[in-house]
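The numbers here are math on the coordinates, done by the rules we state, and not lab data. No experiment lies behind these values; they were computed from the predicted model shown. Cβ coordinates were reconstructed from backbone atoms using ideal geometry, including for glycine residues, and neighbour counts include every protein chain displayed.
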Amino acid sequence: MSAPERDDRDDQGAEVLPFPDRPDGEPAVLDAVIVPDAPGDQVVNGDQVVTVADSPAPRRQAWQAEPIRHPVIAPWLADRTQRGQAARWALGFARHWTLFHLARSPIYLLKLIGYSPTGAMRVVRGVARWVSDAQAAPLRAAAVRGELFSEYDKLQSRRDLRVKVRGGILAVTVAVVWIVSTVALADRIPGWAPALAVALLVLALGRYGRPVDRPISMTAVVVPRVQPLTSEIVVRALGSLGISGISQAMAKNPTGRGWFVAPGIGRDGPGWRVDLELPYGVTATDIIDKRDRLASGLRRPLGCVWPEPAPEHPGRIVLWCGDQDMSQAKQPAWPLARSGQVDLFVPQPFGTDQRGRWVPVRVMFNSVVIGAIPRMGKTFALRELLLIAALDPRAELHVFDNKGTGDLAALECVAHRYAAGDEPEDIEYAVTDLRALRADLRRRTKVIRGLPRDLCPESKVTPELAGKRSLGLHPIVIGVDECQVWFEHPEHGAELTDICTDLVKRGPAVGISIFLATQRPDAKSLPTGISANAATRFCLKVMGQTENDMVLGTSRYKNGTRATTFAWADKGIGYLVGEGADALIVRTVAGLDAVASERVALRARALREAAGTLSGHAIGEADERLPVVSLLDDLRTVYATAERADRPGVWSEELCAGLAELRPELYGAWTPDVLAAALKPLGIDTGQLNMPDATGTRFNRRGVRREQLETAVAAHAQRKGIDA
């Protein structure tokens, strides 16, 4: 007898996926429920088929996932920010409603007085109809028309009895009211009570007498009617995207049964959240690519619809639909706008997500890259980060506005170094400052290396060390707008790239952070060594996949984090990567314009004055610069020493050695590859030179020919308008 085939289905017919066994041969056990076999069933035990006896035996392990526990308290109640927003909204609504109707109360009073005669007539008519039993009149009329005399006689007798009883009730009621009001309570009723009673009676009659189509009160608040999100609406919208996998699945399952996974559809902050398990073969990126069509299918503004990939697998998506466009929704007040001092070692509020919750960003131990097309809020985001840093009195700011429009001018009053523009003197100023910063980086590494382990256990700057000015380990924050101006500079681009890459890689551990913003995020304007090592990236709207991945990281576009889907109206909204496991959609602080930024900067200056940390440009000190040197001039000096009449040029190794001897603080770590990269913008290519060395042995190595150097010197002199 052959063993029965393995049944990989549960009791409801659903397929049970196999799990891998452990290396020792025992089956891997996760969260499982043992399902016993019924007596008489046959099971396989090794190579034998055994019939189950009366006592049940384990047959199969039915796997179940860890249960999802919904929060006991609603998330908006547990979150302090959202709870405060809800309370402020309720109080504001009640205040507006009360003041609105109080201001119009005279109009309401006049309307009620005007409608009161109609109300009085309606009351009199109604009482008369009740006393005269007018409700039964159609029945009596029908008996007369049908000549049903016996029926009419019965109806008439009942009518006479009702009239007598109801008339008596009316007479007694009127008499009792008159006696109580004029005799029993005559001495106890205040003088104003009758007038109040008459006024209330008039108002009541006016309310009863108003026309049905003319309400007394006006509308204080017009609530926009947003259709609640339902499974039918979501399935209809997905079907309108034209994705073949969804269309095929809907042909078999028009209602989308089984697509919605826990927690399904429900309110999440000021909007709706939908967790979807997409049909097989459909990925979250397929939906994200058609965000505009999805918004059309949901009949909502584009800024309300935010599909995001879920972490479980590519076929699951989280769809959040806001009640209001994210770019137009009222943003909560920035906590640092009017008060507060910052500790850069603690994450600080940078922007809000779709639900209006603040998203923090850590400045210390961090480098930031910001990218976007022009006019999307890139410079505003950089300025906000620099303002956060300025509110920590320990931080030393180096601010460079390469656009030259003064967007970062508010920070001039607190900056240790500040430059605006891309003139030659501005670039040389930046080169000089960065050289000094790299020298300070090396000094800091030596200081940290020499500290006792109990003071510096992790070999990096701590809040306590940053507060000791004698150690010189205070935070340094460098902000550069339009950084591509530096990296594409024909003369200093290679050196600036080299220094910035070094600061991005080694600077955060010693308290140096650099923030770079560019509107041209490509390999030339944002070198790979910088973009690949920046811990935090913020990408507003860009136009293509290359720019998207240059800012956010490799494969981000493929995985569904696509800043290309932002609309022109989504200014200040972008993807933030680095703070948390997943990319977050973040809106920077709205209303933080130049005037508001200046107020924050002045408050930061006051904090620095109190702490005694103002320095450099902020107090008008002369810039402590290293000598402004030119690589071409240094190369000419070294070349003149190393060249020989019997050789057409000088090898790169010899030039590096000469440069290191001339300026060890600048060229000490240079290699032939670094020299080649630095000389390329000057028009000098290091090619192969077959020449003899000092012993007369010929070697083939890279170097610089004499005519190349002379051509580069002449071109440099022509650019500067001076003689060679």
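Kindly state, as a whole number, the per residue volume in cubic angstrom of the convex hull around the alpha carbon atoms of the range 105-209.
Values: hull volume 9.8 nm³, N = 105.
Expressed per residue, the convex hull around the Cα atoms of the range 105-209 is 93 Å³.
So if the hydrodynamic radius of the range 122-276 is defined as the Kirkwood radius over C-alpha pairs, what does Stokes-Einstein give as its diffusion coefficient at 4 °C and 1.567 mPa s, in µm² per second?
Numbers: Rh = 23.8 Å.
Once the numbers are plugged in, D ends up at 54 µm²/s.
For the range 288-425, just say rounded, prolate or oblate: build the C-alpha gyration tensor, square-root its eigenvalues into a ≥ b ≥ c, call rounded for a/c under 1.5, and beyond that prolate if a/b exceeds b/c, oblate if not. The partial results should precede the final answer.
Values: a/c = 2.29, a/b = 1.83, b/c = 1.25.
In terms of gyration-tensor shape, prolate.
Using Cα-Cα distances under 8 Å and only pairs 6 or more residues apart, what relative contact order does the chain have, in percent? Mind dumping the intermediate values first?
Working: 1067 pairs, mean separation 69.7, N = 724.
Computed over the chain, the figure is 10 percent.
Rounding to the nearest 10 and keeping the result within 0 to 90°, find how far the Cα-based axis of helix 193-209 lies from the longest principal axis of the chain.
For helix 193-209, the angle is close to 80 degrees.
With axes computed from alpha carbons, what is the tilt in degrees of helix 105-131 against the longest principal axis of the chain, rounded to the nearest 10 within 0 to 90?
30
Using only the alpha-carbon atoms, how far is helix 493-506 inclined from the longest principal axis of the chain? Give it as 0 to 90 degrees, nearest 10.
Result, in degrees: 60.
When only DSSP loop residues count, what chymotrypsin sites (Phe, Trp or Tyr not before Pro) in the range 527-585 have their Cβ near at most 11 other Cβ atoms within 10 Å?
Details: sites: PHE538, TYR557, PHE566, TRP568, TYR575; in loops: TYR557, PHE566, TRP568.
Here the chymotrypsin sites (Phe, Trp or Tyr not before Pro) that fit, given the DSSP loop and packing criteria, are TRP568.
What Rg and what Dmax come out for the range 446-513 when only alpha-carbon atoms are used, in angstroms?
Just the Cα atoms of the range 446-513 yield Rg and Dmax of 15.0, 47 Å.
Longer than 26 Å from Cα to Cα, which of LYS378/LYS680; LYS541/LYS680; LYS524/LYS558; LYS330/LYS541; LYS403/LYS558 are they? Say none if no pair is.
LYS378/LYS680; LYS541/LYS680; LYS403/LYS558
Roughly what % antiparallel, to the nearest 5, for the DSSP beta bridges in the chain?
65
Return the Rg/Rh ratio of the range 631-720 with Cα-based radii and a Kirkwood Rh. Intermediate results must be reported in sequence, preceding the final value.
On the way: Rg = 12.7 Å, Rh = 13.3 Å.
A ratio of 0.95.
Once you have a ≥ b ≥ c as the square roots of the Cα gyration tensor eigenvalues for the range 348-614, tell me rounded if a/c is under 1.5, and otherwise prolate or oblate according to whether a/b is larger than b/c. Let's see the in-between values first.
On the way: a/c = 1.37, a/b = 1.33, b/c = 1.03.
Taking the square roots of the gyration eigenvalues as a ≥ b ≥ c, the range 348-614 is rounded.
So, with +1 on the Cβ of K and R and -1 on the Cβ of D and E, and no other charges, what is the size of the charge dipole of the range 245-399 about its Cα centre, to the nearest 20 debye? Don't skip to the end; give the middle numbers.
Working: 19 positive and 15 negative charges, 82 e Å.
With only Lys, Arg, Asp and Glu charged at Cβ, the dipole is about 400 debye.
For the range 522-585, what value does the Rg/Rh ratio take when both radii are computed over Cα atoms and Rh is the Kirkwood radius, given to two decimals?
Values: Rg = 11.0 Å, Rh = 11.8 Å.
That ratio equals 0.94.
For the range 302-314, what does the Karplus curve 6.51 cos²θ - 1.76 cosθ + 1.60, with θ = phi - 60°, yield as ³J(HN,Hα) per residue in whole Hz, taken in order and with x for Gly and Pro?
So the J values, rounded to whole Hz, are 4, x, 9, 10, 9, x, 9, x, 8, x, 5, 6, x.
Considering all projection directions equally, how large on average is the shadow of the alpha-carbon convex hull of the range 241-322, in square nanometres? Present the calculation step by step, with values, prior to reporting the outcome.
Details: hull surface 20.9 nm².
For the range 241-322, averaging the hull's shadow over all directions gives 5.2 nm².
Name the residue from ALA284, GLY467, ILE73 whose Cα lies farthest towards the positive end of the charge dipole of the chain, charges +1 on Cβ of Lys and Arg and -1 on Cβ of Asp and Glu.
The residue sitting most towards the positive pole is ILE73.
Which whole-percent values make up P(r) of the chain when all C-alpha to C-alpha distances are grouped in 20 Å steps starting at zero?
Over the chain, the share of Cα pairs per 20 Å bin runs 12, 28, 25, 19, 10, 4, 1, 0 percent.
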